[in-house]
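Colleague: Here you go, one structure.
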Amino acid sequence: MRNVRVLWFVLPALLLAPCFASARQYLVYFGTYTAQQSEGIYAARFDDESGALESLGLAAPILNPSFLTIDVAGEHLYAVSELGDSRVSAFKIDRTTAKLTFINAVSAHGSLACHLAIDATGKTLAIANYGSGSVATYRIRDDGGLEEAKSFIEHTGSSVTPRQSSPHAHCVNYSANNRFVLAADLGTDEVKIYRLNASDGSLTPNDPPAAKVKPGSGPRHFAFHPGGSFGYVLNEIASTVTAFGWNASNGTLSETQTISTLPDGFDGRNSTAEIEAHPSGKFIYASNRGHNSIAVFASDAATGRLSVVERVSSGGSTPRSFGVHPSGRWFFSANQNSDNVVLFRIDPASGKLTRAGKELAIDAPVCVQFLALD
């Protein structure tokens, strides 16, 4: 296989000053597709003050770990295996070496599992199965392992494009108050909303059970605004972001705006992939596959409506995922088809991205997750 390596380039003399947290050391984990040369989950060490980035190589062998998440205590990592008969795996993290020790795996009860998330208590994990259009929840054992599924819900419905002939659940997100789970479904043009019983991890449909987007949009990923009053749906097929007001008491979404991720006049093929909010709440980031760019939006503090700041090259081909660093200073762009993860600085005033001069070569990177070490 091709080894993971760090590519070093000349750095500008001045580094971005701290804006949200003091300097810390982090582990960064990368999910990948393993159809060609990748063997599983890879890791790096990162210094958020200097931007120093050190490859730590393969953390654990596993098939198609296309999405990862880390528990509240920072002791365990969980990964879906995006396969025809998907699984969810639990690992123990070695915070010194970044190596992952396998604990157990359970069935995803569906095909092409593609996303997962852990609730605020650290006791319930939720997943989305793209292929079979379903969501499931699992209780997390005291040793970090997973119990068998607590809830399993198959979505129903369809929409207007050929790709939307059946449901395709694409992500799961917990609300800040830990009362709701939201699941964007590309096939039905809906964001499904479930009530979470935090004591046992079970799900029941909310009333109303979903929020709709324009037919043919294809909602893929969802991001809550850090302030808690807004949410953003990234529509993969239409290459748009739909902004919503979020009512945290009754779990309802109210659409306020839909805005394109692409520049005017672009007529090539494109699909969007990832969306995240900046820790300050001032900016929203979304990735374009085809245009191969990161769209940067400013978020209005009063309304949550978005305005375009810039669209900047992702530094490679097919940015399936990225990670906004918890400090708010850095941005990691994972470019699936060019096999690289590119580091950017974030301007704290404008949200704009500038290449930092460093990147990692990783085969088919498709997920980025951070773990603070101190």
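Colleague: If the Cβ limit is 8 Å and pairs must be 6+ apart or interchain, which residue in segment 150-165 that is at positive phi pairs with which residue that is at pLDDT below 95 and surrounded by fewer than 18 Cβ atoms within 10 Å (Cβ to Cβ)?
Modeller: Pairs found: none.
Colleague: Please specify each residue of segment 72-98 satisfying the condition of being crowded, with 17+ Cβ neighbours inside 10 Å and outside any strand (DSSP E or B).
Modeller: Within segment 72-98, E82, S86, A98 meet the criteria.
Colleague: M1 versus (1) closer than 25 Å to L112 by Cβ; (2) at pLDDT 55 or above; (3) assigned to a loop (DSSP other than H, G, I, E, B): which is the lone unmet condition?
Modeller: For M1, the exception is condition (2).
Colleague: Filter segment 299-314 down to the residues that are small (G, A, S) and either at positive phi or surrounded by fewer than 23 Cβ atoms within 10 Å (Cβ to Cβ) (or both) and list them by number. Let's see the steps before the verdict.
Modeller: Start the filter on segment 299-314 by keeping residues that are small (G, A, S), which leaves 299, 301-302, 304, 307, 313-314.
Listed by number, the residues that qualify are A301, A302, G304, S307, S313.
Colleague: When you scan segment 228-244, do you find a residue that is modelled with pLDDT of 95 or more, surrounded by fewer than 16 Cβ atoms within 10 Å (Cβ to Cβ) and either in contact with a Cys (Cβ under 7 Å, 6 or more places away or on another chain) or on the phi < 0 side of the Ramachandran plot (or both), even just one?
Modeller: No; the residues of segment 228-244 include none that is modelled with pLDDT of 95 or more, surrounded by fewer than 16 Cβ atoms within 10 Å (Cβ to Cβ) and either in contact with a Cys (Cβ under 7 Å, 6 or more places away or on another chain) or on the phi < 0 side of the Ramachandran plot (or both).
Colleague: Return the residues of segment 127-145 that are farther than 14 Å from S199 by Cα and surrounded by 22 or more Cβ atoms within 10 Å (Cβ to Cβ); say none if nothing qualifies.
Modeller: I127, A128, N129, Y130, G133, S134, V135, A136
Colleague: In the set S287, S260, which member is in contact (Cβ under 8 Å) with a residue 40 or more places away in the chain and small (G, A, S)?
Modeller: Answer to the check: S287.
Colleague: Quick check on segment 231-259: of everything there that is in a loop (DSSP other than H, G, I, E, B) and not β-branched (V, I, T), which residue is nearest to the chain's Cα centre (by Cα)?
Modeller: Ranking the candidates gives E236 first.
Colleague: Could you tell me whether S66 is of a type in the set (S, T, Y), under 21 Å from F331 (Cβ atoms), at pLDDT 95 or above and within 21 Å of the chain's Cα centre (by Cα)?
Modeller: Values: of a type in the set (S, T, Y): yes; under 21 Å from F331 (Cβ atoms): yes; at pLDDT 95 or above: yes; within 21 Å of the chain's Cα centre (by Cα): yes.
So S66 fits the description; yes.
Colleague: If you go through segment 311-338 one residue at a time, how many are under 25 Å from F266 (Cβ atoms), over 17 Å from the mean Cα position of the chain (by Cα) and of a type outside the set (V, I, T)?
Modeller: 7
Colleague: Then there's this: May I ask you to list pairs of residues, at least six apart or on different chains, whose Cβ atoms are under 8 Å apart, with the first in segment 302-324 being under 23 Å from A364 (Cα atoms) and the second being outside any strand (DSSP E or B) and of a type in the set (V, I, T)?
Modeller: Hits for this filter: R311/T261.
Colleague: Given the condition surrounded by fewer than 19 Cβ atoms within 10 Å (Cβ to Cβ), free of Cβ contacts under 8 Å to residues at least 60 places away in the same chain and β-branched (V, I, T), answer yes or no: does some residue in segment 327-342 qualify?
Modeller: For segment 327-342, residues surrounded by fewer than 19 Cβ atoms within 10 Å (Cβ to Cβ), free of Cβ contacts under 8 Å to residues at least 60 places away in the same chain and β-branched (V, I, T): absent.
Colleague: Being over 19 Å from A90 (Cβ atoms) and out of contact with any Lys or Arg (no Cβ under 9 Å at 6 or more places or on another chain) narrows it down to one residue among A176, A128; which is it?
Modeller: From the options A176, A128, the qualifying one is A176.
Colleague: Next question, about the same structure. Could you tell me whether any residue of segment 336-351 is of a type in the set (F, W, Y), within 22 Å of F283 (Cα to Cα) and out of contact with any Lys or Arg (no Cβ under 8 Å at 6 or more places or on another chain)?
Modeller: No, that holds for no residue.
Colleague: Test each condition in (1) buried (at least 18 other Cβ atoms within 10 Å of the Cβ); (2) of a type in the set (S, T, N, Q); (3) on the phi < 0 side of the Ramachandran plot for S317 and report the one that comes out false.
Modeller: All conditions are met except number (1).
Colleague: Return only the number of the condition from (1) buried (at least 23 other Cβ atoms within 10 Å of the Cβ); (2) in a strand (DSSP E or B) that T188 does not satisfy.
Modeller: The failed condition is (2).
Colleague: Taking the conditions exactly as written (at pLDDT 95 or above and either in contact with a His (Cβ under 7 Å, 6 or more places away or on another chain) or in a strand (DSSP E or B) (or both)), does A210 satisfy them or not?
Modeller: So A210 passes the test.
The values are calculated or read from the model by the stated rules, or taken from the named source; none is laboratory data. Because the structure is a prediction, the values reported are computed rather than measured. All Cβ positions, even for glycine, are placed from backbone atoms using ideal geometry, and neighbour counts span all protein chains on display.
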